[in-house]
Amino acid sequence: MEHPTPTPPAMTTGRDTVFTPFNVVAGIIIFIGCILTVMRFAKGIGGVTNLDDTNPWGIWIGFDLLCGVALAAGGYVTCAACYIFGLKQFRCAVRPAILTAFLGYGLVVFALQYDVGRPWRLPYPIFLSQGTSSLLFEVALCVFLYLSVLMLEFSPAVFEWLNWKHARYIIGKVSMVLVIFGIILSTLHQSSLGAIFLIVPSKLHPLWYSGYLPVYFFISSMFAGMSMVIFEHSLVDRFLHNKIDAEHHVESNNVALGFAKAAAFLMSGYIMIQVIGIAIDNDWHYLGTRWGLWYLIEIIGFVALPAIMFAIGVRERNIKLIQRTALWAVLGIVLNRLNVSLVAFNWQLPLNQRYFPSWMEIMTTIFIVTIGVVAYKFIVTRMPVLHVHPDFPDDH
Amino acid sequence: MGISRRQFFGWMGAAVGSQMAFSTQAKAAANIHFTGYPGSFGVLHDISRCIGCRKCEAACNQVNELSKPETPFDDLTVLSKTRRPHADTYTVVNQFKPNDKSSPVFVKTQCNHCMEPACVSACFVKALIKSETGAVVYDASLCVGCRYCMVACPFNIPAYEYDKPLTPEITKCNLCQPRIQKGLRPGCVDACPQEALTFGNRNELIKIARQRIEKHPDRYVNHIYGENEMGGCNWLYISNAPFTDIDMREDLGITPAPAMTSGALAAVPVVVSLWVVFINGLRAISRRKEQIANEDKNQAVSAAVETEQARFKHEINQLKEKAKSEKEAAVAREVKKALEAAAQQLSENAAAQTPAPPETSGAPQPEKQENK
């Protein structure tokens, strides 16, 4: 197959000015974020958030941590598809997915610097005092290890960019061990993030609380990852088109079709286990309440319908439809994680004791997401992520 | 294959070994019913005796050296609003007016010191510990500030110093652990003018509570709150009003919090061990399939090449045969032609009987004959 050399980075801006609309908006957001950072560490968590003693976790956990980890699942899902199940056509999707995962987890850890009271003590659970009875300990250990694994998994792109042939050769030797280790770690902490809420049956609404929470989180992380890979490619295709070489371009459609099909199946399986969860706890009567309506909106509106749309998209080979559905499914995952951690949490309390994020919390989250987008753009315009490096043609 | 037997056993060993190294006693998973540390202390709160004087709050504030609140402790107007413990307030007294009661009911709220606390099992740095005295105590020097203990607590007790930028701590009642270790009673118990609070051995307190309920069945609700809630607490309550009417949840169940997460924790080593097998198995299967497919392809290709070559050979041979026979036929034809020509010449010569012509036209004749 032909490998056209991608346009060199210098030509991508097209203009001489750095004041592109993207840069201006990102710059403003990052500037505000820096101010909020100063405020957070000068006034304390209470100075910038709406958190209180009854609602100790807000969107910095519900969105930045839970959604961040779920949407970064594309890394392990794509690696598994390509290297474990032997689906070679997914090879082109591996590096972008690993990059997204690496940035996702990096930002999760970055967001925790804001959320926990004494962030410089974050290594304590791993190195100083291991609270092994806590599921959060398991999450912390897995996220720490997986972030290291992702760094190593992404390092080939960096080594190729720097042209460090020897380092690139060595990391290539251990890549399969990293892949397997990464999948095990992902299985553990994706499910453990759900298992964290096993301890609060009295606070989480019965429609969202279930003994199967770890399974729900693990299964949904798979189609979250797949949807994210599809959605991310649709963005890259639109905004970073000249970074993609012909092979990536052709195969990305196959990746979309393959992942859409798999996601449709996984989502229907997910709905089945949700129904089983309700049946086992005999929560049927809650479905008639307002909470039940909200639950049905999540399960039907943001899982069942996207699953059907994925299936139709695959049958008609309609990539546009699949890409739009991917965004829909991603929103469904965000909704689910927010429901479990915030909306259905403390559901019995009166409205005046419930939590709603402050604008500063929301802005900090936007700031963190923006850092991710900027970092992604910076990396893919320089390193061989969306195209094959001419000197390392067959080294993925 | 990317993994050798030695590698495989190495990984399995590491997986099992790490679990053994990290594992503590999995009490919740075993068939053992933990009934609390023997001889551990507790407090019995007789709600029917409480008059809402807030003297316990004042004493708590004093013995724990907390900052003074804006409204003094003798101001009872704060009772009109339901409160919960916060930073600098380890205990609060709330006032309730259940429908079937003419007089208000007062309830003191603080850490219940669960026998198997959710907060302790949730803490990922062991900053919260269940002491053998019965107290759940906190070590601020380890705390990261993740606030999972606050999420986990079914009674919404731990509070956080949200306004401290660099040294925020979890705050909650510690059952006056330093005083207990000195042989003293908790500050609030000492301060209560109504003997609504009784400090002592938890087992003894349960006996006292039962006796009081038996003695005055008309006065008390027949339930010792905290005897079994969430696996049991070291702080116990008896009440003259239904517990649900005074904001004390009766739907918490009797399962201790660690039992709710022990299954998920127990799955971790199983997943680690089995995933190594499954993942390598899947990979081996997909590689083997690929290998078989390649072999099949190669076989098919070589078979096709062979038949094609055979066919080609056959065709060439046929062509060769054809060419040979055609050549022979052509030679025979030419010879025949020449012979005929010679024979004609001879007969012509014989007819003319002239000597000259045979020399010229007879010359090729011997050649042809030699060829034959």
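The values are calculated or read from the model by the stated rules, or taken from the named source; none is laboratory data. Model, not experiment: these values are computed from the prediction. Quick reminder, even Gly has a Cβ in these numbers, built from the backbone with ideal geometry, and neighbours come from all protein chains shown. Ligands, DNA and RNA are excluded from the accessible area calculation, which covers all protein heavy atoms including side chains. Shrake-Rupley method; radii C 1.70, N 1.55, O 1.52, S 1.80 Å.
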Flagged pairs (Cβ under 7 angstrom, 6 or more apart or on separate chains; first in the stretch B:271-296, facing another protein chain (nearest Cβ under 7 Å); second buried (at least 16 other Cβ atoms within 10 Å of the Cβ) and polar (S, T, N, Q)) are B:Val271/A:Thr187; B:Trp275/A:Thr187
Query raised in the report: If we scan the stretch A:352-362, do we find a residue that is open to solvent by less than 10 Å² (accessible area, probe 1.4 Å), among the charged types (D, E, K, R) and touching a residue at least 24 places away in the same chain (Cβ under 8 Å)?
Result: yes
Considering only the stretch A:118-134, I want to know if a residue exists there that is more than 8 Å from chain B (Cβ to nearest Cβ), over 25 Å from B:Tyr160 (Cα atoms), not small (Gly, Ala, Ser) and not in a loop (DSSP other than H, G, I, E, B). no
Just one listed residue, out of A:Thr325, A:Thr381, A:Thr365, is modelled with pLDDT of 95 or more, more than 25 Å from A:Leu65 (Cβ to Cβ) and of a type in the set (Ser, Thr, Tyr), and it is A:Thr325
Subset of the stretch B:112-132, residues out of contact with any strand residue (DSSP E or B) (no Cβ under 6 Å at 6 or more places or on another chain) and more than 11 Å from chain A (Cβ to nearest Cβ), comes to B:Met115, B:Glu132
Considering the stretch A:240-257, residues that are part of a helix (DSSP H, G or I) and of a type in the set (A, V, I, L, M, F, W, C), and then whichever is most open to solvent (accessible area, probe 1.4 Å), we arrive at A:Val250
Those residues of the stretch A:159-174 which are of a type in the set (Gly, Ala, Ser) and without any contact (Cβ under 8 Å) to a residue 24 or more places away in the chain amount to A:Ala167
* When you look at B:Gln177, is it crowded, with 17+ Cβ neighbours inside 10 Å and more than 11 Å from every other protein chain (Cβ to nearest Cβ), yes or no? -> yes
Only unsatisfied item for B:Cys146, checking (1) of a type outside the set (Phe, Trp, Tyr); (2) assigned to a loop (DSSP other than H, G, I, E, B); (3) surrounded by fewer than 24 Cβ atoms within 10 Å (Cβ to Cβ), is (3)
Selection over the stretch B:58-75 where residues are within 16 Å of B:Lys172 (Cβ to Cβ), out of contact with any Ser or Thr (no Cβ under 6 Å at 6 or more places or on another chain) and surrounded by 13 or more Cβ atoms within 10 Å (Cβ to Cβ) yields a count of 4
Query raised in the report: Has the stretch A:222-239 got at least one residue that is touching a Phe, Trp or Tyr at 6+ places or on another chain (Cβ under 6 Å), part of a loop (DSSP other than H, G, I, E, B), buried (at least 18 other Cβ atoms within 10 Å of the Cβ) and in contact (Cβ under 8 Å) with a residue 24 or more places away in the chain?
Result: no
Over the stretch B:82-111, the set of residues over 36 Å from the mean Cα position of the chain (by Cα), more than 12 Å from chain A (Cβ to nearest Cβ) and not in a loop (DSSP other than H, G, I, E, B) is B:Val93, B:Asn94, B:Gln95, B:Phe96, B:Val105, B:Phe106, B:Val107, B:Lys108
Note on the stretch A:201-212: residues within 11 Å of chain B (Cβ to nearest Cβ) and either assigned to a loop (DSSP other than H, G, I, E, B) or at pLDDT below 95 (or both) are A:Pro201, A:Ser202, A:Lys203, A:Pro206, A:Tyr209, A:Gly211, A:Tyr212
With criteria (1) closer than 25 Å to A:Phe144 by Cβ; (2) open to solvent by less than 10 Å² (accessible area, probe 1.4 Å); (3) outside any loop (DSSP other than H, G, I, E, B), B:Cys119 comes up short on (2)
Within the stretch A:268-289, restricting to residues that are more than 20 Å from A:Leu198 (Cα to Cα) and polar (S, T, N, Q), the one that is nearest to the chain's Cα centre (by Cα) is A:Ser268
Checking B:Tyr220, B:Tyr237 in turn, the sole residue that is touching a residue at least 60 places away in the same chain (Cβ under 8 Å), more than 10 Å from chain A (Cβ to nearest Cβ), assigned to a loop (DSSP other than H, G, I, E, B) and open to solvent by less than 20 Å² (accessible area, probe 1.4 Å) turns out to be B:Tyr220
Open item on the list: Can you say whether A:Lys173 is surrounded by fewer than 19 Cβ atoms within 10 Å (Cβ to Cβ), within 12 Å of chain B (Cβ to nearest Cβ) and of a type in the set (D, E, K, R), as far as the supplied structure shows?
Closed with: yes
Checked A:Ser202, A:Ser220 against criteria (over 20 Å from A:Val77 (Cα atoms) and small (Gly, Ala, Ser)); the one match is A:Ser202
Condition first: surrounded by 14 or more Cβ atoms within 10 Å (Cβ to Cβ), within 10 Å of chain A (Cβ to nearest Cβ) and charged (D, E, K, R). Can you find one or more residues in the stretch B:241-257 that meet it? yes
Per the list (1) closer than 25 Å to B:Pro38 by Cα; (2) outside any loop (DSSP other than H, G, I, E, B), residue check on B:Val151 breaks on (1)
Only one of B:Asn31, B:Asn94 is at pLDDT below 90 and of a type in the set (S, T, N, Q), namely B:Asn31
Residue set A:Val250, A:Val179, A:Val255, A:Val236; condition away from chain B (no Cβ under 14 Å) and within 14 Å of A:Val94 (Cα to Cα); output residue A:Val255
From the option list A:Ile299, A:Ile280, single residue qualifying as open to solvent by 50 Å² or more (accessible area, probe 1.4 Å), of a type in the set (A, V, I, L, M, F, W, C) and part of a helix (DSSP H, G or I) is A:Ile280
Can you find a residue that is outside any strand (DSSP E or B), open to solvent by 20 Å² or more (accessible area, probe 1.4 Å) and at the interface with another protein chain (Cβ under 9 Å from one of its Cβ atoms) anywhere in the stretch B:182-198? no
The correct count of residues that are open to solvent by 50 Å² or more (accessible area, probe 1.4 Å) and either within 21 Å of the chain's Cα centre (by Cα) or aliphatic (A, V, I, L, M) (or both) in the stretch A:313-338 is 4
Given (1) modelled with pLDDT of 90 or more; (2) in contact with a helix residue (DSSP H, G or I) (Cβ under 9 Å, 6 or more places away or on another chain); (3) open to solvent by less than 50 Å² (accessible area, probe 1.4 Å); (4) farther than 29 Å from A:Phe137 by Cβ, B:Gly2 misses just (1)
Residues in the stretch B:65-104 that are of a type in the set (A, V, I, L, M) and closer than 21 Å to B:Ser239 by Cβ total 4
Per the filter on the stretch A:136-164, residues over 21 Å from A:Tyr76 (Cα atoms), in a helix (DSSP H, G or I) and not aromatic (Phe, Trp, Tyr) are A:Glu160, A:Leu162
